[in-house]
1. Here are some conditions: (1) aliphatic (A, V, I, L, M); (2) modelled with pLDDT of 75 or more; (3) closer than 29 Å to THR201 by Cβ. ALA83 meets all but one. Which one does it not meet?
2. Provide a single number: the residues in the stretch 1-22 that are open to solvent by less than 80 Å² (accessible area, probe 1.4 Å) and part of a helix (DSSP H, G or I).
3. Kindly indicate whether PHE50 is part of a helix (DSSP H, G or I) and more than 20 Å from PHE112 (Cβ to Cβ).
4. Please pick out the residue among LEU69, LEU45, LEU40, LEU36 that is surrounded by fewer than 17 Cβ atoms within 10 Å (Cβ to Cβ) and in contact with a Pro (Cβ under 9 Å, 6 or more places away or on another chain).
5. What is the residue count in the stretch 86-106 for residues that are open to solvent by less than 50 Å² (accessible area, probe 1.4 Å) and at pLDDT 80 or above?
6. Taking the stated definitions as given, is SER219 open to solvent by less than 80 Å² (accessible area, probe 1.4 Å), modelled with pLDDT under 85 and either closer than 22 Å to VAL47 by Cα or not in a helix (DSSP H, G or I) (or both)?
7. Go through the stretch 36-80 and give me each residue that's polar (S, T, N, Q) and under 27 Å from THR201 (Cβ atoms).
Amino acid sequence: VDFGFFAPVGHVIHKSLLVFHRATRNYGWAIILLTLIIQLLVLPLTVTSFRHSQKMKTIQPQLKRLQELYKSDPQRLNVEMLALYQRHGLRFMGMEGCLPVLIQLPIFWALFSTLRSTYELRHAPWIGWVKDLSVHDPYYVLPVLMGGGMFLQQKMSAAALDPNQRQIMYIMPVMFTFFFLKMPAGLVVYWLTSSVISVATTVTNTELAKKRPKLKAFSGSV
């Protein structure tokens, strides 16, 4: 089986799916279980990205002030914004939230090669209308759900970005939805599960961030 450029990752994914299939007796649930494990592995990076987004919220007033001060000098504005990002440890212009997605791209491509090339996943059903995980969803339900989950994920992470960056982040779910329409259903299951887990992680981190100042104030009074 030719797993393409990311063959080492593809072999690991293939073997993992076979192991999980023995436990679940269904390749759809095996993909979801694999996704859960991958998300646990990238969880530290996800938490770091959330902390960067919190920093972006903190510096928003300063960004707006710079934009008003240098609105007639775009070059100077870019220099000052870059300096502001660097002072607050934001090395990628506030786009650190994209890193978990970029890290998963090799896994995404390796899983695509696995679904396309391996015999075991041919005509492998999951639930209901999904009769073959190696071909696209005939009713496009999974891509639409995935796009909605990704939009919610981007909306939560883009709240602290400036308007231009926010528009770029909002365009991504639309692009990915059309991109996934003809992708194997198993691949959409993977990305949909990743989006759901990411949203749940963001909500959890947000709630913990809200409670953290109260805990500090309580310990200080003691």
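1. (3)
2. Going residue by residue through the stretch 1-22, those that are open to solvent by less than 80 Å² (accessible area, probe 1.4 Å) are 3-4, 6-7, 9-10, 13-14, 16-21.
Now restrict to residues that are part of a helix (DSSP H, G or I): 4, 6-7, 9-10, 13-14, 16-21.
Matching residues across the stretch 1-22 total 13.
3. Numbers: part of a helix (DSSP H, G or I): yes; more than 20 Å from PHE112 (Cβ to Cβ): yes.
Criteria met by PHE50.
4. Working: LEU69 fails: in contact with a Pro (Cβ under 9 Å, 6 or more places away or on another chain); LEU40 fails: in contact with a Pro (Cβ under 9 Å, 6 or more places away or on another chain); LEU36 fails: in contact with a Pro (Cβ under 9 Å, 6 or more places away or on another chain).
So the residue among LEU69, LEU45, LEU40, LEU36 that is surrounded by fewer than 17 Cβ atoms within 10 Å (Cβ to Cβ) and in contact with a Pro (Cβ under 9 Å, 6 or more places away or on another chain) is LEU45.
5. Going through the stretch 86-106 one residue at a time, the tally reaches 1.
6. Numbers: open to solvent by less than 80 Å² (accessible area, probe 1.4 Å): yes; modelled with pLDDT under 85: yes; either closer than 22 Å to VAL47 by Cα or not in a helix (DSSP H, G or I) (or both): no.
In short, no.
7. Going through the stretch 36-80, the residues polar (S, T, N, Q) turn out to be 39, 46, 48-49, 53-54, 58, 60, 62, 67, 72, 75, 78.
GLN39, THR46, THR48, SER49, SER53, GLN54, THR58, GLN60 - these are the residues of the stretch 36-80 that are polar (S, T, N, Q) and under 27 Å from THR201 (Cβ atoms).
Here's the yes/no breakdown for (1) without any contact (Cβ under 8 Å) to a residue 40 or more places away in the chain; (2) over 19 Å from ARG116 (Cα atoms):
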{"position": "ILE168", "(1), (2)": "yes, yes"}
{"position": "PHE179", "(1), (2)": "yes, no"}
{"position": "THR193", "(1), (2)": "no, yes"}
{"position": "THR202", "(1), (2)": "no, yes"}
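The values are calculated or read from the model by the stated rules, or taken from the named source; none is laboratory data. These figures come from a predicted structure and were not determined experimentally. Because the Cβ atoms are built from the backbone with ideal geometry, glycine has one as well, and the counts that use them run over all protein chains shown. What goes into the accessible areas is simple: the full protein's heavy atoms, side chains included, and nothing from ligands, DNA or RNA. Shrake-Rupley method; radii C 1.70, N 1.55, O 1.52, S 1.80 Å.
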